[in-house]
1. Describe numerically, in nm with one decimal, the distance between label points set 7 Å from Cα along Cα→Cβ at residue 96 and at residue 76.
2. In the Gaussian network model of the chain, springs joining C-alpha atoms below 10 Å, which of 75, 41, 140 carries the largest mean-square fluctuation?
3. Measure nothing but the geometry: give the 0 to 90° angle between the long axis through the Cα atoms of 15-25 and the longest principal axis through the Cα atoms of the chain, rounded to 10°.
4. Starting from the Cα of residue 66, step 7 Å along the direction of its Cβ; do the same at residue 8; then give the gap between the two resulting points in nm.
5. Could you check the spin-label model distance between residue 1 and residue 109? Points 7 Å from the Cα along Cα→Cβ, value in nm.
6. On a 0 to 90 degree scale, rounded to 10, what angle separates helix 149-183 from the longest Cα axis of the chain?
7. Would you mind calculating the relative contact order of the chain from Cα pairs under 8 angstrom and at least 6 residues apart, reporting the percent as a whole number?
8. Taking other Cβ within 10 Å of each residue's Cβ, how do 84, 96 sort, fewest first?
């Protein structure tokens, strides 16, 4: 499935998502590698297989194999870290923060691409998952690396719209499943 086919699958009530997907695909604030990796990491982080397949089909060819693997790694490691660090933040018990995480996070250091790009992709996934600790950490890292506020905003906009598309398709699938169950 292509990005256009994904956009076509979105119902009229999600017209804003459909339009935003199109405009963000043409975003010029981010470099092509940054944009493509952000789309892929966000799509994987959003958790909808149809959205992930469409976005990977659209953007993977704009990256080399190492960059695609890094975008996948960003989504994977943030899927884990966002839960753990969001728990530390929300639990409000300092004892947990004093304990070693004991989670392997080698992908953060061994991805083999420019650190700013990897951090940007981690930031996008962290925004989807709502981990304030990870958002603050990755936002500080990308800004220190020279990523502008406009570029950060563009990456988070991509994450927001991709997550919105995933939510719409998840709801549509749930409604179809319910309709089938009721008909049986």
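1. 2.5
2. Of 75, 41, 140, the most mobile in the Gaussian network model is 140.
3. Once rounded, the angle reads 50 degrees.
4. 3.7
5. The two pseudo-label positions are separated by 3.9 nm.
6. The angle comes out near 50 degrees.
7. It rounds to 31 percent for the chain.
8. 96, 84
Each value in this text was obtained by applying a stated rule to the coordinates, not by laboratory testing. Predicted, not measured: the structure shown is a model, and the values here were computed from it. So basically every Cβ, Gly included, is an ideal-geometry build from the backbone, and we count neighbours across all protein chains shown.
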